[in-house]
1. For region 20-168, what is the percent of antiparallel DSSP beta bridges, rounded to the nearest 5?
2. For region 60-120, what is the Kirkwood estimate of the hydrodynamic radius, computed as the reciprocal of the mean inverse distance between distinct Cα atoms, to one decimal in Å?
3. Using only C-alpha positions, report the orientation-averaged shadow area of the convex hull of region 20-168, nm², one decimal.
4. Take the chain, drop everything but the C-alpha atoms, weight them equally and run the Debye formula without solvent; then report log10 I(q)/I(0) at 0.12 Å⁻¹ to two decimals.
5. Semi-axes of region 224-265's equivalent ellipsoid from the Cα gyration tensor, sqrt of 5 times each eigenvalue, largest first, rounded to whole Å?
6. As I understand it, the dipole of the chain uses +1 on the Cβ of Lys and Arg and -1 on the Cβ of Asp and Glu, about the Cα centre. Which of L110, P45, V248 lies farthest toward its positive end?
7. Enumerate the calculated ³J(HN,Hα) couplings along region 164-175 in order (Karplus 6.51 cos²θ - 1.76 cosθ + 1.60, θ = phi - 60°), each rounded to whole Hz, writing x wherever the residue is Gly or Pro.
8. May I ask you to derive the relative contact order of region 20-168, considering only C-alpha pairs under 8 Å and at least 6 residues apart, and to give it as an integer percent?
Amino acid sequence: MTTTHSHGAEHRDTHHGRPTLAVWKFASCDGCQLTLLNCEDELIPLAREVEIAYFPEATRAVVEGPYDVSLVEGSVTTPEEIERIQHVRAVSRRLITIGACATAGGIQALRNFGDVAEFRSIVYAHPEYLSTLSRSTPISAHVTVDFELRGCPINKHQLLEVLAASIQGRKPRVPTHSVCVECKRRGNVCVTVAHGTPCLGPVTQAGCGALCPSFDRGCYGCYGPQDTPNTVSIATRLSELGMSEPEVLRIFRTFNAASEPFRRESERHEPDPQQASRGEEVPG
Ligand code: SF4
Ligand code: SF4
């Protein structure tokens, strides 16, 4: 049976015996949800295996929870989202976070290093209407998360593997080693060793298939830190390659700026406040 509610959502009340899937959005750009829609060839077979029960980006039809698997995109940036993620957790048997926003706070976590009130007053004509938190935080800072899938955006093959593993009740086969391993597997020449190109591949988790180095570009870390990242060593190498301290700081402050290893490393390259103030005192 289908019922249309006043807010336009249609509620269906059958699960057809298949596991139910819900897809939720928090502070994000929707790119990771689009990865699911971009599955194209796999989407119809997937819809035969799972019931897509809640996915506002794709359909207004809603099957009431609880849900077997929830995919959560985006970070927590407002007081309302703190409450909403508790609800999502309560109605989800397995909760999987997808993308750099949900797993590390995303690019919007750059606010964590500044003054959010100042940003707000510069960006919005009427900041008094906004209710926002001073920090962008990953979903795992608020509720228990069963699995975190990295990337900005996530990789579709990894997403399908995680969904298949959830349905089959097994551990997903998602590597935690570095992008360098993927470069070696593809037979890529190392962009840093051969061309002196700064690259975060050694400290970044695999999953993209070494996309950037395969096109002679350095990795900028969109999959976040690998399981044992030696950020101090790579930062030293980046400096040797000619990057200034502010440039080293910035390379660690992108999509995964608030992930613990990248945050710590970027803070090591912040100007010493005493030195900075001494510099200001020197007459020009
Ligand atoms: S992780 Fe990247 S692609 Fe995914 S929602 Fe966040 S900004 Fe968009
Ligand atoms: S090489 Fe690095 S920056 Fe490029 S897609 Fe892969 S993880 Fe992201």
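1. 10
2. The Cα-based Kirkwood calculation yields 13.1 Å.
3. Averaged projected hull area, Cα only: 9.1 nm².
4. Relative scattering, expressed as log10 I(q)/I(0), comes to -0.84.
5. Each semi-axis is √(5λ); the values are 17, 12, 7 Å.
6. Toward the positive end, the furthest listed residue is P45.
7. Karplus-based 3J(HN,Hα) across region 164-175 equals 4, 5, 5, 5, 7, x, 10, 6, x, 8, 10, x Hz.
8. 28
The numbers here are math on the coordinates, done by the rules we state, and not lab data. Owing to the predicted nature of the structure, the values given are computational and were not obtained by experimental measurement. Using ideal geometry, Cβ is built from the backbone for each residue, glycine included, and neighbour counts are taken over all protein chains shown.
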